Amino acid sequence: MAFARPVLTLFGLVVGLVLLVVVVGEWLGVFEQLTDRVPFAVGLLLVLAGGFPIFYNVGRAALRRKVTSHTLMTVGVAAALVVGEWPVAAVVVLFMHTANYAERFTTERARRAVRELTALAPKTARVMRDQAEVQVPVGQVRVGETVVVRPGEQIPVDGTVTAGQATVDQAAITGESMPVEAGPGARVFAASFARLGSLRVQVTAVGADSTFGRVITLVEQAETHRAPVQRIADRFSAYYLPVVVTVAVLTFLLSGNALATAAVLVVACSCSFAMATPVAVLASVGAAAKHGLLIKGGRYIEALAKADVLLIDKTGTLTLGRPEITDIIPLDGHTKAELLHLAASAERYSEHPLAEAVRTAARERGLPLGEPGDFQALPGRGVKAIVDGTTVTVGGVDLVPEAGDDPQVRRLADDGKTLLTVAVDGRFVGVLAAADTLRPEISAALADLDVLGLSRVELLTGDHQATAAGIADRLGIPFRAGLLPEDKIAIVREYQAAGHRVVMVGDGVNDAPALAQADVGIAMGAAGSDIAVEAAHIALMRDDWTLVPQAVRIARRTARAIKINIGFTAGYNAVGLSLAATGILPMMVAAAAQSLPDLGILANSARLLRRPASRT
């Protein structure tokens with residue numbers, strides 16, 4: 001993966017920097033020589049200038065009564081400066097900057113989601129004014145006016161159809177896998193497309209008030225409303241720092257030895273704490289990218305490791321996002337092959353998505369297509385053509401009235417499938433059923449996630465109740481159907497308010513607000529929209545659901561590695577702290593002794609470069 005190479009290169013550079021400091025600075029005595037030869041005032045100025053941004057943030061955090069891992073480091077810097085060891089302070093500042101850069105390198109890349117959403121928004125509308133069509137900017141359209149939408153155009157407003165028939169693709173807004181047939185009385189949404197037919201729409205909402213406008217607003221607000229992830233290192237520091245300060249104060253009160261007191265602070269507040277998290281994150285992010293996972297930051301790895309709720313979009317996420325013919329029911333003495341031949345031939349030149357599904361089914365079965373004569377598209381209803389000397393009609397159930405009475409047709413409709421009836425010279429001869437099919441690896445991936453502890457799984461979709469029920473029942477999971485983007489984000493917040501860590505998996509524009517709001521949003525990167533990928537925190541760079549449980553394993557391995565890094569550093573420092581408090585461990589020896597935790601952190605983090613085992 002292209003992203004893996006720079007991350008792994010940065011990991012190598014960090015390793016090299018640590019080794020350089022350890023070998024040249026500490027083991028070869030360069031720091032001691034710098035202390036002797038460079039005036040303290042110069043060293044102090046360098047440390048203060050180099051560390052000012054960090055010290056400023058630590059000060060702001062302190063005003064909010066918040067302790068972070070950098071608070072620990074700053075205490076160590078101050079202690080080193082107090083006793084005149086400015087090179088030690090400079091090294092700690094250097095490692096804090098290195099850790100910050102490593103974190104920024106992998107964390108949230110420049111947000112383009114809102115900008116790209118805005119680019120998708122309709123810019124102009126064709127409005128009826130004074131009995132004439134006038135093209136105006138969308139912002140000038142008023143509620144109550146009538147907008148004209150021609151075949152192939154984007155619908156610019158939310159509204160109600162007053163005249164016309166069209167096949168409307170509104171998957172971007174509602175997530176419905178199949179296009180809907182819109183006629184008088186139907187509700188349509190801005191940014192959806194009239195693929196076939198034309199419409200007159202009475203405007204009910206425009207711009208920011210439209211459903212699509214609210215999607216943009218929700219994505220902008222979601223990050224603000226997300227609860228901040230408390231990092232493992234920060235939580236540890238909040239408990240550890242008071243202990244260190246107490247030991248340092250007792251050391252000074254009991255011995256009166258300022259050098260021993262400073263040595264306690266330098267030992268306890270070593271730069272290895274700053275490196276414990278970002279080095280492990282770098283290794284994990286680089287290894288994950290090699291296997292098709294783009295993780296945008298360590299905070300999401302730590303959140304994913306604790307996740308207990310999984311919310312899943314349907315269309316394009318659980319399913320392939322394209323209709324396929326699932327049932328062929330011939331009647332009136334016809335065979336399946338004959339029925340499919342007639343339907344595919346009549347649909348040969350139709351642009352409807354279901355027509356492509358019919359043609360694909362015929363090609364897969366090796367059926368030849370006839371040349372349709374007198375082809376007619378019936379907007380919002382179907383097609384009619386002459387095939388093999390007969391008049392063939394293919395379309396919805398309302399196109400052939402007697403089809404609605406057939407028990408097989410009712411059964412397929414109850415299963416949530418989209419039906420295409422076929423008539424020959426006015427006689428009902430059969431029905432084709434289409435559905436959005438499940439991705440083949442979904443069941444195994446969900447079982448894997450259940451083993452990993454994400455047993456609370458729920459399907460969220462804008463699709464119809466019957467369609468959602470058919471998918472959810474097959475997977476054995478609960479569902480909520482007919483949802484708009486604001487409904488999905490509300491459900492995410494509902495779980496978060498109850499104390500759950502939420503993972504949301506989606507692929508479309510309508511999923512973007514929920515992906516941004518979730519503790520961890522995972523986007524189906526290869527098939528999903530660019531907006532979903534930008535709004536999410538992790539992107540699957542290929543259409544493979546097995547990457548979702550793999551991401552959870554990577555997150556948990558990384559969280560364990562971070563805890564080991566911090567635990568090892570804390571244990572090592574506890575010994576050093578004891579020796580420093582008793583005056584046994586001199587200042588420079590205390591600083592040099594900190595090289596071993598650094599090397600231990602690198603070795604432990606490097607284990608994350610290996611591919612995780614299939615089970616955790």
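The values are calculated or read from the model by the stated rules, or taken from the named source; none is laboratory data. In this text the structure is predicted, and so the values were computed from the model without any measurement. Cβ: placed from backbone, ideal geometry, glycine included. Neighbour counts: every protein chain shown. Heavy atoms of the whole protein, side chains included, go into the accessibility calculation; ligands, DNA and RNA do not. Shrake-Rupley method; radii C 1.70, N 1.55, O 1.52, S 1.80 Å.
One table, with the values for the structure above:
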| item | result |
| --- | --- |
| 3J(HN,Hα) from dihedral phi, segment 296-305, Karplus parametrisation 6.51/-1.76/1.60, rounded to Hz, x for glycine, proline | 8, x, x, 4, 7, 5, 5, 5, 5, 5 |
| By accessible area with a 1.4 Å probe, ligands and nucleic acids excluded, highest first: order of R410, R553, R126 | R410, R126, R553 |
| For L438, distant residues with modelled amide H under 5 Å away | none |
| With DNA, RNA and ligands ignored, accessible area of L45 (1.4 Å probe; Å², nearest 10) | 120 Å² |
| All Cα pairs of segment 370-454, percent lying beyond 22 Å | 44 percent |
| Largest-first ordering by accessible area, 1.4 Å probe, given options L48, L399, L320, L449 | L48, L320, L399, L449 |
| Whole-percent carbon and sulfur share, accessible surface of segment 310-390, 1.4 Å | 49 percent |
| Intensity falloff of segment 303-369 expressed as log10 I(q)/I(0), Debye formula with alpha-carbon point scatterers, at q = 0.19, 0.29 Å⁻¹ | -0.77, -1.23 |
| Percent carbon-and-sulfur accessible area, segment 423-473, ignoring ligands, DNA and RNA, probe 1.4 Å | 52 percent |
| For segment 433-539: rounded, prolate or oblate by the Cα gyration tensor [a/c cutoff 1.5] | rounded |
| Placed amide H near F479: partners under 5 Å, 5+ positions off or other chain | L459 |
| Where segment 415-500 is the region considered: accessible area per residue in Å², 1.4 Å probe | 38 Å² |
| Accessible area expressed per residue, segment 291-357, with surrounding protein chains retained (probe 1.4 Å, Å²) | 31 Å² |
| A163 long-range amide H proximity, modeled H, under 5 Å | R200 |
| Computed E for E364/A447 - FRET, C-beta separation, R0 45 angstrom, nearest 0.05 | 0.95 |
| Karplus 3J(HN,Hα) series, Hz, for segment 337-350 with 6.51 cos²θ - 1.76 cosθ + 1.60 (x for Gly, Pro) | 5, 5, 4, 5, 4, 5, 5, 5, 5, 5, 8, 3, 10, 6 |
| Cα-Cα over 22 Å, subset of K314/K488; K336/K417; K417/K488; K290/K488; K296/K563; K290/K563 | K417/K488; K290/K488; K290/K563 |
| Farthest toward positive dipole pole in segment 278-400 [+1 Lys/Arg, -1 Asp/Glu at C-beta], among Y300, T315, V387 | Y300 |
| Shape of segment 423-490, Cα gyration tensor, a/c cut at 1.5 | oblate |
| J(HN,Hα) series, segment 243-258, from Karplus relation 6.51 cos²θ - 1.76 cosθ + 1.60, nearest Hz, glycine and proline x | 5, 4, 4, 4, 5, 5, 5, 4, 4, 5, 5, 7, 10, x, 9, 5 |
| Value of relative contact order over segment 249-388, rounded to a whole percent, pairs C-alpha under 8 Å and six or more apart | 13 percent |
| Accessible-area value, V431, 1.4 Å probe, nucleic acids and ligands omitted, Å² | 0 Å² |
| Amide N proximity, segment 397-440 versus E356 label position 7 Å along Cα-to-Cβ, cut-off under 15 Å | 435-437 |
